[in-house]
1. Could you please rank THR41, THR121, placing first whichever residue has the fewest other Cβ atoms within 10 Å of its Cβ?
2. Can you find, among ALA171, GLY102, LEU53, the residue farthest towards the positive end of the dipole of the chain? Put +1 on the C-beta of Lys and Arg, -1 on that of Asp and Glu.
3. Can you give the FRET efficiency to the nearest 0.05 for ALA160 and GLN57, using r as the Cβ-Cβ distance and R₀ = 45 Å?
4. Over segment 28-107, what is the mean sequence separation of C-alpha contacts under 8 Å (at least six apart), divided by residue count, expressed as relative contact order in percent?
5. Distance in nm between label sites at ASN3 and ILE22, each 7 Å beyond Cα in the beta-carbon direction?
6. For segment 134-261, with equal point scatterers placed on the C-alpha atoms only and solvent neglected, what are the log10 I(q)/I(0) values from the Debye formula at q = 0.23 1/Å, to two decimals?
7. What 222 nm value per residue comes from the helices of the chain, counting each DSSP H run with n ≥ 4 as -39,500 (n - 2.57) and dividing by all residues, nearest 500 deg cm²/dmol?
8. Among SER231, SER75, rank each residue by its count of other Cβ atoms within 10 Å, from fewest to most, as a rough exposure measure.
Amino acid sequence: MTNRIPLIAGNWKMNLDHQQAIALVQKLAWSLKDAAHDFSTAEVAVFPPFTDLRTVQTLIDADKFEIRIGAQDLSRFDSGAYTGEISGAFLKKLDVRYVLVGHSERRQFHDEDDVTVQAKTAAAFKHSLVPIICVGETLEQLESEGQAAVPVRQTLAALAGHANLGEFVIAYEPVWAIGTGKVASPEEAAAVCSKIREAIANEHSQEVAAAARILYGGSVKAANVAGFLRSPEVDGVLVGGASLDADEFSGIARFQKHIGV
Ligand code: 13P
């Protein structure tokens, strides 16, 4: 047993405008309330597009929902002439707690490399946000480099060179399992998460490694979540498509019902 509280994170990607966001968050909150969800045993966070954040914050605040807010990206810079960028300082003002850094779609479509991801991780620490550092290999990399090599390398690169490591989360998302319906087996996910933790312990310390939550992501659904979270190596899930359906995402958040803990 560990004392890491599982994190159930819903990455909406570029879906749902601010009005649709209200409907989803309200439905999700009611569904969790109906099920008497205990947030101290599984934290729930949503990651809406930037334009929805203020609306979601206002709703959560007014209705005292225990759902946390995350952002999908942040600028490596604090402020200034960076057209189109969003500062971590602005996110913090909106009660954003988590921020995704280095999602594979950012690495793929926006050419983000390990240097950018490290700089964005530093920006998150600077603004007291918790970075969720996304790592994962393509199918070609899996075949050429083997299991865990790429995610371990990306993790260590993102965590290198910080004077002080704040709280952070790692999300192992094999690129070949994102939005494809192909899912890593629970054993594969647990093995990679365990290797990431071991690498953090070797490079930093046992304490840092023991405190870090390491999530799995890639085609997670209510029907398969229990398999991943049964392993003590996996501290939560980062969910894409299935987080856009309030009942399905609420079912994922209530994974403990399926594994009897
Ligand atoms: P899917 O759950 O749609 O495969 O997406 C995973 C993901 O990329 C979450 O960040």
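1. THR41, THR121
2. Towards the positive end, the residue furthest out is LEU53.
3. That pair, ALA160 with GLN57, gives E of 0.90.
4. Rounded, it is 28 percent for segment 28-107.
5. Taking the simple label geometry, ASN3 and ILE22 are separated by 4.1 nm.
6. Rounded to two decimals, the profile gives -1.34.
7. Mean residue ellipticity at 222 nm (helix-derived): -12500 deg cm²/dmol.
8. So the residues, fewest neighbours to most, are SER231, SER75.
None of the figures in this text is laboratory data; all of them are computed from the coordinates on show. Since this is a predicted model, take the numbers as computed values, not measurements. Here the Cβ is made from the backbone with ideal geometry for all residues, glycine too, and neighbour counts use every protein chain on show.
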